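Below: the structure, in structure tokens.
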Amino acid sequence: MLRNFTLDDASPLIRYDATWDDGFNSSFDDQFAKYQGQSFQCTNIDGATANLTFRGTAIYVYGAKRSNHGYYRVAINGEENPAVSGRPPSGQPNQFQTLLFSKEGLPDGENTMELTNIREGDGLDYVDIDYIVITREVDESNDSRRTLVSHDQFTYTSLWTTQLNLQGYRNSSAHTTNTPGEKATLQFSGPEIFVYGGVGRAFGTFQVEIDGQDWGVLNATRAAAGHPPVTLFATSSLGNGDHTLSLTNLEGGKSLTIGYAEYTPGKSGSGSNGGLIGGVVGGVLGALVVLIILGWYFIRRRRRARHAPSEDQLPPMSSVTSTHPHWDNEVQITPYMENSGQPPVGYTEGGTIYPSTHTPSISTATRKGEVLATPLPVLRSGESSYALSSQFGASVPMSPGDRWVGNLQAKQEH
């Protein structure tokens, strides 16, 4: 089945160069509330890039088309596509949360996306990213068994604290540290995992390891404060066995904050083992019952043969009582049942966050996460033949060997 995963513009998985600015709740842009979650990343520097390594069969990049935008170009797996205008069609108003680029039919493996800003002239030089949607194939049987892990189920080294009353976080709480070298570890089983936590001015770089192997460095620093939790790390390329994930804070005085995680267990052997055990137990019970019946039958027959020959009828199965105190012909093996009450990936508790006077406040549930979704709307770019077809579901892909280092330093008006 197909699932979509929505990646917030502020996620460390998107690697912006140093020329990009954070537009979250921007005091310099009175249109910020028209972006999803009132957040976007933007630049007006010619040649500025944003990169993403992902695993999936399709990618959709959303942003705005505004009168002060220039051109941009997107390359997938190193193959450049034609430059596209970032302005709305002539005579039309600015467009927000609109499709900037899409690419479908990709191999369900590791892919790369690079968006490059192309300055057209004075006052025509911006590009921005609102969010990115990734589509990939998932195993339907695995998908229904997603497991949510609270931050307090991680194992932490000594210098971590629990923070409460955090706006936008699940259960309004998280674990945090600002000491370099401090590590959070989670053991899980399955091919994919998603970790959610904090980004902003107070956050820094952190290292990711899985099963003792270095998966690279990610940067949670963003120029604006107050971001709701976003996807810190995600991968869908693991095997179905047991794994150990570690996140290590790298910068002194900078925070690493973990809200929660969610993983998809692999195909469990419990069902097949249960079937095997049930078959063995059933076979043993059946053999015992047959032996008891035959023994009863031959004993009766021999006794009757001594007195008067007669034709015996076997008793019905329900009348047979086992002589073994630990066996019962009514024994039933109940298969193991998964807990289906887990909330969907990306679930966050609480109401809306960061209300605005410009537009109705945006719920964190619309911002990120993995949800069995309504088909995505069909949106078309005025300058491009790319269109967003209806896809279902969600996921976040990355794969082994990824190396991410993101920097976000400049603050420029948009």
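Within segment 216-270, being surrounded by fewer than 24 Cβ atoms within 10 Å (Cβ to Cβ) and among the acidic types (Asp, Glu) holds for Asp242, Glu251.
Only residues that are surrounded by fewer than 21 Cβ atoms within 10 Å (Cβ to Cβ), aliphatic (A, V, I, L, M) and in contact (Cβ under 8 Å) with a residue 40 or more places away in the chain were counted in segment 59-91, giving 2.
Considering the conditions (1) crowded, with 20+ Cβ neighbours inside 10 Å; (2) free of Cβ contacts under 8 Å to residues at least 40 places away in the same chain; (3) not aliphatic (A, V, I, L, M), Ser27 is excluded by exactly one of them, (1). Taking each residue of segment 116-128 that is of a type in the set (Gly, Ala, Ser) and looking for partners that are surrounded by fewer than 18 Cβ atoms within 10 Å (Cβ to Cβ) and at pLDDT 95 or above with beta-carbon atoms closer than 6 Å, six or more apart or interchain, yields Gly123/Asn68.
On inspection, Gly212 does not qualify as assigned by TED's automatic domain parsing to the domain that holds Leu164, surrounded by fewer than 17 Cβ atoms within 10 Å (Cβ to Cβ) and modelled with pLDDT under 95.
Among the residues of segment 121-174, those identified as over 19 Å from the mean Cα position of the chain (by Cα), among the hydrophobic types (A, V, I, L, M, F, W, C) and surrounded by 15 or more Cβ atoms within 10 Å (Cβ to Cβ) are Leu124, Val127, Ile129, Trp160, Leu166.
The values are calculated or read from the model by the stated rules, or taken from the named source; none is laboratory data. Here the structure is a predicted model, which is why all the values come from computation and not from measurement. Neighbour counts run over all protein chains shown; Cβ positions are idealised from the backbone, glycine included.
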